[in-house]
Ligand SMILES: Nc1ncnc2c1ncn2[C@@H]1O[C@H](COP(=O)(O)OP(=O)(O)OP(=O)(O)O)[C@@H](O)[C@H]1O
């Protein structure tokens, strides 16, 4: 329109770096980070990140170079979420459960210039560098020590010559360094590899703009007021901790860091630090509700817990709320910066019976405020499916919190954006109230005698059996039915149940064709982000062979 001028006065590339700068002014003396005796204020965090960023630049890192980190949720991991972007580089957080071969592969793919590594993971990093040294340049290693740990020697592993020490980089950094801001808000801020549940990890590129918007949407959907106290259970290496490191800075909150996640640690931290918010995959919630009675103490105040990353069974939501937690259910993918939808609560739901409420809350919901739209579409015609809670289609996303693309994989990027929407590979339905509900990943849906069986729905029912701790359902190939549902079940300690009892339990609650035909009692293989590795279970189910023989009629 005539009269408008786009200039630096009214158009500044969005970046979460501004959250830290603002918090250092608004909340200078308030606690930003706590882990054991280590405590920093927002002013200190700002200073430390500035100095660290200057040292990263000093090491020869140029804008858009990749800087990798292999560390659990320790304060350094949090600081790197700001220091790396402030240096103009792109942060690549690596899964702490990867072995050296996978770390080497991802370092090579991302062409990382620096690898920050926690001392407890030094042997993995060293193994990776050894593999890399055979074919390519190796990144500069920077060792993160425990606070007060003076020596780089870590038990049997002494760091290789030339290794730098994290705290020295901060001590030697310049406080007058001016943070490098993105030239364009579309510039990458992070590179996140997917969990590798269904295929090899893909490198997902996040922009400053997307991270900024998803962080603010995260604060809103968690209903975080200023100065929340956030307990870190979600690994920061997974979708940058669902973008919450940036959200907590935006709200001047206190980050309570912990190396390991245990039910005892969670309750201790809640009491000690008056935690207001936390997050965790359904496996973490399951661990909480099944922890011994002496651990599960009544909460001093409501704690809001965001869950996602895998389908939370209604039973888990129900029992968490019985303990006094407020469960916020969110769904998304690495490609959507983690959380993309939220099952926004409605006051009328409060009048429903508790188990009914839990079922409604287990739905994946609606797009959050930072995302333009989520829809369920026919992947061929791209038509929206009717909102009848029955017609299955593919979940698709559109908006500013969808990734830039996959690193060095244009073909895959084009494929997932075909039709102008991001195709998630998840299958779901739309309810009449517009909320979506996931039924399966397209690779996991079970088709038995022409009927679709949702493994998520079936797992939810098995899960509500009082003896069941965990359940996963996969397809068992069948000569007559095509596939039949095969349940892998882990029982709670001290509980018993037979396969027949589990099958009967399901038949009493579901149409008969949906009940499992096979029940196997076993431990469930998991990814480090809490997802069941169904491909392993599928192999096992396949190895069992067909339940029915060819040419037999109905069972
Ligand atoms: N709230 C949720 N309910 C149900 N499923 C969820 C939820 N949140 C996430 N998921 C599942 O997790 C998937 C996203 O996982 P993520 O991006 O971490 O990597 P991955 O898809 O497991 O890895 P890969 O793409 O390499 O197989 C979603 O597509 C969905 O299937």
How high is the relative contact order of region 252-357? Use alpha-carbon pairs under 8 Å, at least six apart in sequence, and give a whole percent.
21
For region 57-92 and region 244-290, write down the distance between their C-alpha centroids in whole Å.
23
Exposure proxy check: 454, 304 ranked by fewest other beta carbons within 10 Å?
304, 454
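Quick one: of the DSSP bridges fully inside the chain, what percent are antiparallel, nearest 5?
Working: 48 of 84 bridges.
Taking every DSSP beta bridge with both residues in the chain, the antiparallel ones total about 55 percent.
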If we sort 496-505, 464-473 on the protection proxy, mean other Cβ atoms within 10 Å, highest first, what's the order?
464-473, 496-505
Work out how much length residue 378 to residue 433 would gain on full extension: take 0.36 nm times their residue separation and subtract the Cα-Cα distance, in nm to one decimal.
17.9 nm
Ranking request for peptides 175-182, 284-291: highest mean number of other beta-carbon atoms within 10 Å first, then the rest in descending order.
284-291, 175-182
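If the chain between residue 507 and residue 295 were fully stretched, how many nm would it gain, using 0.36 nm times the residue separation less the Cα-Cα distance?
Extra length from residue 507 to residue 295 when fully extended: 72.8 nm.
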Work out how far the C-alpha atoms of the chain reach from end to end along every principal axis, then list the three figures in whole Å, largest first.
77, 69, 54
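Listed highest first by mean packing, meaning other Cβ atoms within 10 Å per residue, what order do 54-60, 418-424, 396-402 come in? All intermediate terms of the calculation are to be shown ahead of the outcome.
Values: 54-60: 18.9, 418-424: 16.6, 396-402: 22.1.
In descending order of packing, they fall as 396-402, 54-60, 418-424.
With a 10 Å Cβ neighbour count serving as the proxy for reagent exposure, in which order, fewest first, do 227, 306 appear?
Working: 227 16, 306 24.
Ranking 227, 306 by Cβ neighbours within 10 Å, fewest first, gives 227, 306.
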Between residue 352 and residue 326, the two model label points (7 Å from Cα along the beta-carbon direction) sit apart by a distance in nm of 1.9
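Relative contact order (percent) for the chain, with alpha-carbon contacts under 8 angstrom and 6 or more residues of separation? Could the numbers behind the result be given before it?
Working: 1163 pairs, mean separation 59.2, N = 555.
Relative contact order for the chain comes out at 11 percent.
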Among 526, 443, what is the fewest-to-most ranking by other Cβ atoms within 10 Å?
443, 526
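With n ≥ 4 as the cut-off for DSSP H runs, can you work out [θ] at 222 nm for the chain, using -39500 (n - 2.57) per run divided by the number of residues, rounded to the nearest 500?
Counting only the DSSP helices, I get -8500 deg cm²/dmol.
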Place a point 7 Å from the Cα of residue 58 in the direction of its beta carbon; the residues of region 105-132 whose amide N falls under 15 Å from it are none
Between the helical axis of 534-543 and the dominant principal axis of the chain, each derived from Cα atoms, what acute angle in degrees is found, rounded to the nearest 10?
40
Could you tell me the relative contact order of region 157-273? Use alpha-carbon pairs under 8 Å, at least six residues apart, and round to a whole percent.
19
Could you check the spin-label model distance between residue 2 and residue 415? Points 7 Å from the Cα along Cα→Cβ, value in nm.
5.2
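Every number in this text was worked out from the coordinates using simple rules, so none of it is lab data. These numbers come from a predicted model, not from an experiment. A quick note on method: Cβ atoms are made from the backbone with ideal geometry, for glycine too, and the neighbour counts reach across all protein chains shown.
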